[in-house]
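Participant: I'd like to ask some things about the structure below.
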Amino acid sequence: MAAVTAHGAPTLPRSSAWLLLTPALAMFILFFAVPFLTMATMSVLSGNPMVVPNPRFTTRHFERILDDVYYLETLWITVRLGLSTTIVSLLIGYPLALWLARARSRTTRTLLMMAVLAPMMMGLVVRTYAWLAMYSNRGVINGSLAWLGLTDEPIQFLGSEAAVVVALAHIYVPFMILTLSGVIARIDTRLEEAARGLGASSAAAFLQVTLPLSMPGILAGSLLVFALAISAYVTPIVIGNYNIQTLPMLVYQQISSSFNLGFAAALGIVLLIVALLLVGAYNRVMARAPGAA
Amino acid sequence: MAETGGQGARALALQSLSKSFGNGAPAVDNVSLRIEEGEFFSLLGPSGCGKTTTLRMVAGFEAPDSGQIRLGAQDITPLPPERRDMGMVFQNYALFPHRTIAENVAFGLRMRKVPKPEIATRVREALALVRLTGFEDRRPAQLSGGQQQRVALARAIVINPAVLLCDEPLGALDKKLRQQMQFELKTLHRRLGLTMIYVTHDQEEALTMSDRIAVMRAGKVAQCGAPREIYDRPVDRFVADFIGDTNILDGEASGLALLMPGGWRLPLPEARQGRASVALRPERVRLCPPGAGLVDATVEEANFLGDSVLLKLSLPGEQGMLARVPRHAEAGSLEPGATLGLTWQADDPVMLADA
């Protein structure tokens, strides 16, 4: 994602530099590389090597995914939820991030930052159940609509994809805002002034200068939200009311009820590959955008 | 005002401009200035004196709390920056990093919906003017500071602004480059007949480049006039001290003489009574044999400056004085500890308003 360059970093002998990296490297190997390789191995074995003595190499888990349209459909729903959530978060998050980054008064900035961070401290399960209460037949939304006389009977929000997207966007929008505002705050306001001085209206100055220069933030925030949304589990289950199936749910079912670790691993790998392909494509598109440095 | 064409048609007038930020002292306090068409006008002062805020109000980036800005006959105070017809050059250049040099220069023309072929021609001309032909497709980050500043200049003048505003444009350049850019700016100003407002804290820069200078202090204009006038006739202690080296001498005036603490008398250009102060430029002081001048002094330090020698002198009564003399004047007597006579013309000392 963001390339980090060390300017004027003091030079260390190579060996000591590696020594400094050791804790991070150990963490990475222990908690990322090993689990990932285990999962990748499991996905091509006929059985769990801890239980079955002589597991064989097999591609049957992947064949099963590709043969059954149900799994591909689930994959598509998962990706679609991720994309919609990302777009909604971006549309809601960008104006707020701009406000946060450009607010002159310290108080305004602090209050905004608190407003962004406070929901994050409540935990995702709590917020999901709050949405459940909002959406339910006698919940806040249906209650208000009925009271206003706009609806005769409650609208079935629960179980709809839109309801899940709204809830996911609400939960993940702080990540978008924090990422974006960091990037926007680093854009020199004099660039906008220069554009205004050269005859650009405030809208034109935004479109020609600020927006393109905030592309790296849009990219990073979108990737973050997308990655979080396609791996979401609790919110799609609760708000989707078991009506919407996503890949993480299938993975969980395979592990907890079918005890098919190999197939669960294969599903995970497929989701990872699809996500990586999308991220790669997105990166390429954005790299050609005018704002990419 | 009946201004129709000719001189002063596009003069810029600031009328009683004031601006405060928060609850502190006003950043700009009742400033009135008139900048004639084609004039190179500098706002000079230490940081925090309000010169940049004044410029930003002219550009439209800050709204004045009170007062008016007029361009020719038009009141431009309520206009947003994009409708003011000003070109602005920022200290950090403020080039668009995501656009090429040509695109940067073309920006103002594009915003003005100038036809494409004309944009291409004018961008080429503007870049030629700042000697950057061939740099069209580079990005700002690939250029040196001086080159970036020239791009910023080209971008500002390509739109033919009524007034070119410069906010310490050379502040980030090293001394040699700064001097070269000063010449280039001056040449451009003359060739294009630009009206310019130039903000700087560098008094030397302001003196060499400007037609007129407004020296600012604490949000107010301390003195406004031609460089020579400001240098030769500073109105008060602040201006005298801020512009160049100066000796400020305080004493008790009695008619045409100032009684100095060391017991000697300094002839005044005009009669005064009571406490008075004068400013005396070091280069006005001339050397003579001891006893033959207005006062005798002891050399404390003699600094060789190349074309001249700067003497740090001690006058009777523990008073210090600087004198700049040609390097060969009285060569033998310039050693520390030597005693010299000092003299100057009666009208060399300038009376200061604040004694």
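Participant: Evaluate the following for A:Leu250: is it within 15 Å of A:Thr78 (Cβ to Cβ) and either in a helix (DSSP H, G or I) or not polar (S, T, N, Q) (or both)?
Facilitator: Details: within 15 Å of A:Thr78 (Cβ to Cβ): yes; either in a helix (DSSP H, G or I) or not polar (S, T, N, Q) (or both): yes.
The answer is yes for A:Leu250.
Participant: I'd like to verify a number: residues in the stretch B:32-55 that are open to solvent by 40 Å² or more (accessible area, probe 1.4 Å), closer than 13 Å to B:Val163 by Cα and within 14 Å of chain A (Cβ to nearest Cβ), how many?
Facilitator: 0
Participant: For the stretch A:107-139, give me each residue that is open to solvent by 80 Å² or more (accessible area, probe 1.4 Å) and assigned to a loop (DSSP other than H, G, I, E, B).
Facilitator: Scanning the stretch A:107-139 gives A:Met122, A:Arg138.
Participant: Here is a further query. Go through A:Gly240, A:Gly268, A:Gly291 for me and flag whichever is surrounded by 19 or more Cβ atoms within 10 Å (Cβ to Cβ) and at pLDDT below 85.
Facilitator: A:Gly291
Participant: Still on this model: Search the stretch B:134-147 for residues being assigned to a helix (DSSP H, G or I) and open to solvent by 40 Å² or more (accessible area, probe 1.4 Å), and hand back the single one that is nearest to B:Gln91 (Cα to Cα). Outline the logic, then answer.
Facilitator: So the first thing to find is which residues in the stretch B:134-147 are assigned to a helix (DSSP H, G or I), and the list is B:140-142, B:145-147.
Cutting the leftovers down to open to solvent by 40 Å² or more (accessible area, probe 1.4 Å) gives us B:141-142, B:147.
Working: B:Ala141: 16, B:Gln142: 18, B:Gln147: 13 Å.
Per the stated criteria, the residue is B:Gln147.
Participant: May I ask you to list pairs of residues, at least six apart or on different chains, whose Cβ atoms are under 6 Å apart, with the first in the stretch A:277-293 being within 13 Å of chain B (Cβ to nearest Cβ) and in a loop (DSSP other than H, G, I, E, B) and the second being modelled with pLDDT of 80 or more and surrounded by 11 or more Cβ atoms within 10 Å (Cβ to Cβ)?
Facilitator: If the second residue must be modelled with pLDDT of 80 or more and surrounded by 11 or more Cβ atoms within 10 Å (Cβ to Cβ), the pairs left are A:Ala289/A:Met215; A:Pro290/A:Pro212; A:Pro290/B:His98; A:Gly291/A:Pro212; A:Gly291/A:Leu213; A:Gly291/A:Met215; A:Gly291/B:His98; A:Ala292/A:Met215.
Participant: Can we say B:Leu95 is open to solvent by less than 20 Å² (accessible area, probe 1.4 Å), touching a residue at least 24 places away in the same chain (Cβ under 8 Å) and more than 13 Å from chain A (Cβ to nearest Cβ)?
Facilitator: Answer is no for this residue.
Participant: Here is a further query. Could you grab me the full set of residues in the stretch B:156-211 that are among the aromatic types (Phe, Trp, Tyr) and modelled with pLDDT of 90 or more?
Facilitator: Across the stretch B:156-211, the qualifying residue is only B:Tyr198.
Participant: Still on this structure: Does B:Leu340 count as in a strand (DSSP E or B), open to solvent by less than 80 Å² (accessible area, probe 1.4 Å) and closer than 30 Å to B:Ile213 by Cβ? Break it down stepwise before answering.
Facilitator: On the way: in a strand (DSSP E or B): yes; open to solvent by less than 80 Å² (accessible area, probe 1.4 Å): yes; closer than 30 Å to B:Ile213 by Cβ: no.
It is false that B:Leu340 is in a strand (DSSP E or B), open to solvent by less than 80 Å² (accessible area, probe 1.4 Å) and closer than 30 Å to B:Ile213 by Cβ.
Participant: Okay, next question. Considering only residues of the stretch B:100-115 that are touching a residue at least 12 places away in the same chain (Cβ under 8 Å) and not aliphatic (A, V, I, L, M), which is most open to solvent (accessible area, probe 1.4 Å)?
Facilitator: Top of the filtered list is B:Arg112.
Participant: Moving on. Taking the stated definitions as given, is B:Thr77 among the hydroxyl-bearing types (Ser, Thr, Tyr) and in a helix (DSSP H, G or I)?
Facilitator: Details: among the hydroxyl-bearing types (Ser, Thr, Tyr): yes; in a helix (DSSP H, G or I): no.
Answer is no for this residue.
Participant: Another one. Among the residues of the stretch B:12-22, is any over 25 Å from B:His201 (Cα atoms) and over 22 Å from the mean Cα position of the chain (by Cα)? Steps first, answer last, please.
Facilitator: We begin by selecting, within the stretch B:12-22, every residue over 25 Å from B:His201 (Cα atoms); these are none.
Checked against the condition, which is being over 25 Å from B:His201 (Cα atoms) and over 22 Å from the mean Cα position of the chain (by Cα), the stretch B:12-22 yields no hits at all.
Participant: Still on this structure: Identify, from the list B:Arg131, B:Arg155, B:Arg110, the residue that is of a type in the set (Lys, Arg), within 12 Å of chain A (Cβ to nearest Cβ) and either within 30 Å of the chain's Cα centre (by Cα) or part of a strand (DSSP E or B) (or both).
Facilitator: Numbers: B:Arg131 fails: within 12 Å of chain A (Cβ to nearest Cβ); B:Arg110 fails: either within 30 Å of the chain's Cα centre (by Cα) or part of a strand (DSSP E or B) (or both).
Selected residue: B:Arg155, the only one of B:Arg131, B:Arg155, B:Arg110 that is of a type in the set (Lys, Arg), within 12 Å of chain A (Cβ to nearest Cβ) and either within 30 Å of the chain's Cα centre (by Cα) or part of a strand (DSSP E or B) (or both).
Participant: Can I ask one more? Residues of the stretch A:84-96 being open to solvent by 70 Å² or more (accessible area, probe 1.4 Å) and among the hydrophobic types (A, V, I, L, M, F, W, C), which ones?
Facilitator: A:Ile87, A:Leu91, A:Ile92
Participant: Counting only residues that are touching a strand residue (DSSP E or B) at 6+ places or on another chain (Cβ under 9 Å) and farther than 19 Å from A:Ala194 by Cα, how many does the stretch B:57-80 have?
Facilitator: The qualifying residues number 10.
Participant: Right, next: What is the number of the single condition among (1) under 30 Å from B:Ser18 (Cβ atoms); (2) assigned to a strand (DSSP E or B); (3) β-branched (Val, Ile, Thr) that B:Val309 does not meet?
Facilitator: (1)
Participant: Quick one: count up the residues across the stretch B:61-87 that are open to solvent by less than 20 Å² (accessible area, probe 1.4 Å) and either within 11 Å of chain A (Cβ to nearest Cβ) or closer than 29 Å to B:Phe238 by Cα (or both). Give the steps one after another, and end with the answer.
Facilitator: Narrowing the stretch B:61-87 to residues open to solvent by less than 20 Å² (accessible area, probe 1.4 Å): B:69, B:71-72, B:76, B:81, B:84, B:86-87.
This time we only want the ones that are either within 11 Å of chain A (Cβ to nearest Cβ) or closer than 29 Å to B:Phe238 by Cα (or both), so: B:69, B:81, B:84, B:86-87.
Counting residues in the stretch B:61-87 that are open to solvent by less than 20 Å² (accessible area, probe 1.4 Å) and either within 11 Å of chain A (Cβ to nearest Cβ) or closer than 29 Å to B:Phe238 by Cα (or both) gives 5.
Participant: Let me ask another. Could you check the stretch A:184-232 for helices (runs of 4 or more DSSP H) lying wholly inside it with 2 or more residues that are more than 14 Å from chain B (Cβ to nearest Cβ)?
Facilitator: A:215-230
The values are calculated or read from the model by the stated rules, or taken from the named source; none is laboratory data. What you see is a predicted model, and the numbers here were worked out from it, not measured in a lab. Neighbour counts run over all protein chains shown; Cβ positions are idealised from the backbone, glycine included. Just so you know, the surface numbers come from the protein's heavy atoms only, side chains and all, with ligands and any DNA or RNA stripped out. Shrake-Rupley method; radii C 1.70, N 1.55, O 1.52, S 1.80 Å.
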